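What follows is one structure encoded as C-alpha cells, with my remarks underneath.
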Amino acid sequence: MPAGSNQSILSGGKNIFLIGFMGSGKTHWGRIWAEKYQLNFVDLDELIEERQGTSVAHIFDTNGEEHFRLLEKDALHSCEKLEHSIIACGGGTPCFFDNLDWMNQQGFTIFLSCEPPEILRRVSLEKDKRPLFSKLNPEEFLDFIRAKLAERQPFYDRAKYHLTPAELNDTSLEQFI
Ligand code: S3P
C-alpha cells in the first residue's frame, strides 16, 4: 500500500475503477475480483450499450467518437449511486473530460499496464468490437497502439494503484488491503 494511504480498498463502500488500454484485462480481472470479493461488477461499455440499446461500434459508426465520449461520461457519472462495485472502464475513459479526477474522488483507480505486442495480440482477436481499429490496416495496428498508449500514459499514470501483468492474479487486490 502506498505511503499515506490508510483506507482499505475493499471496505468503506467505495468503488474500484479499473483503467488501462484496450486488451489490458480490465473486464477479465474485474469479473474475477468482483466474484472473489463479492462486489458488484459493471463494465462501462456494456452499461453504455444497455442504455443506448446498441453496440459501441455502432455508436462510433453512426454518431462518431465525440458523441460516444459524452455517453461514456454520462454512464460513468451514473456509477455515483453505486457502492462496493468494480467498474471496468473503456480504454479511453480516463482521458476525456474530468473523468479521471472524478474517479479518483469517487473511489480507487487501478491501472492495469500491458505492453503493445500483447495488446496487439489481444485486440486482433476481437477487433470488430474495437471501433478505433476499424479504419486501419492490420499492419498499422502496432504503431497505432504505441502512439495512442504514449498519448494516454500521462492519464493512466495518475491512477492511485498500478498493476503490471506479472502482478495480475485472483488475489492482486489483497496488496491494497
Ligand atoms: C476505447 C476502448 C473500448 C471502448 C471503445 C473506445 C478506447 O473499451 O470503450 O471502443 O478509446 O480505448 P475497452 O478498453 O474495454 O476495449
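The values are calculated or read from the model by the stated rules, or taken from the named source; none is laboratory data. None of the values given here were measured: they were computed from a predicted structure. All Cβ positions, glycine included, derive from the backbone under ideal geometry; neighbour counts span all protein chains shown. Remember, those area values only see protein heavy atoms, side chains included, never the ligands or the DNA or RNA. Shrake-Rupley method; radii C 1.70, N 1.55, O 1.52, S 1.80 Å.
For the reader, a short list of remarks on this structure follows.
- Residues that are within 30 Å of Lys81 (Cα to Cα) and small (Gly, Ala, Ser), drawn from region 104-153: Gly107, Ser113
- Of the residues making up region 128-144, those that are part of a helix (DSSP H, G or I), open to solvent by less than 80 Å² (accessible area, probe 1.4 Å) and within 14 Å of the ligand (Cβ to nearest atom) are Pro131, Leu132, Phe133, Phe141, Phe144.
- Yes/no for Gly30 being open to solvent by less than 80 Å² (accessible area, probe 1.4 Å), in a helix (DSSP H, G or I), free of Cβ contacts under 8 Å to residues at least 12 places away in the same chain and within 16 Å of the ligand (Cβ to nearest atom): no
- If you filter region 9-27 down to residues that are outside any loop (DSSP other than H, G, I, E, B) and among the β-branched types (Val, Ile, Thr), you find that the one that is farthest from the ligand (Cβ to nearest atom) is Ile16.
- Count - residues of region 11-27 that are under 20 Å from Leu82 (Cα atoms) and of a type outside the set (S, T, N, Q): 8
- In the set (1) over 18 Å from Glu126 (Cβ atoms); (2) under 14 Å from the mean Cα position of the chain (by Cα); (3) without any contact (Cβ under 8 Å) to a residue 40 or more places away in the chain, His77 fails one condition alone, (2).
- Some residue of region 34-43 being crowded, with 20+ Cβ neighbours inside 10 Å and either near the ligand (Cβ under 10 Å from one of its atoms) or assigned to a helix (DSSP H, G or I) (or both): no
- When restricted to residues that are in contact with a strand residue (DSSP E or B) (Cβ under 9 Å, 6 or more places away or on another chain) and of a type in the set (Ser, Thr, Tyr), region 129-177 contains 4.
- If the condition is being of a type in the set (Gly, Ala, Ser) and open to solvent by less than 50 Å² (accessible area, probe 1.4 Å), then region 70-125 contributes Ala75, Ser78, Ser85, Ala88, Gly90, Gly91, Gly92, Gly107, Ser113.
For every residue, the table says whether it meets (1) basic (Lys, Arg); (2) in contact (Cβ under 8 Å) with a residue 24 or more places away in the chain; (3) more than 20 Å from Arg69 (Cβ to Cβ).
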{"position": "Phe108", "(1), (2), (3)": "no, yes, yes"}
{"position": "Arg122", "(1), (2), (3)": "yes, yes, yes"}
{"position": "Pro131", "(1), (2), (3)": "no, yes, no"}
{"position": "Leu142", "(1), (2), (3)": "no, yes, yes"}
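- Every residue from region 155-168 that is more than 15 Å from the ligand (Cβ to nearest atom) and either closer than 18 Å to Phe96 by Cα or open to solvent by 40 Å² or more (accessible area, probe 1.4 Å) (or both): Asp157, Arg158, Lys160, His162, Thr164, Pro165, Ala166, Glu167
- Scanning region 85-115 for residues that are touching a Pro at 6+ places or on another chain (Cβ under 7 Å) and within 12 Å of the ligand (Cβ to nearest atom) gives a single hit, Cys114.
- Subset of region 121-144 [over 17 Å from the mean Cα position of the chain (by Cα) and among the hydrophobic types (A, V, I, L, M, F, W, C)]: Leu125, Phe133, Leu136, Phe141, Leu142, Phe144
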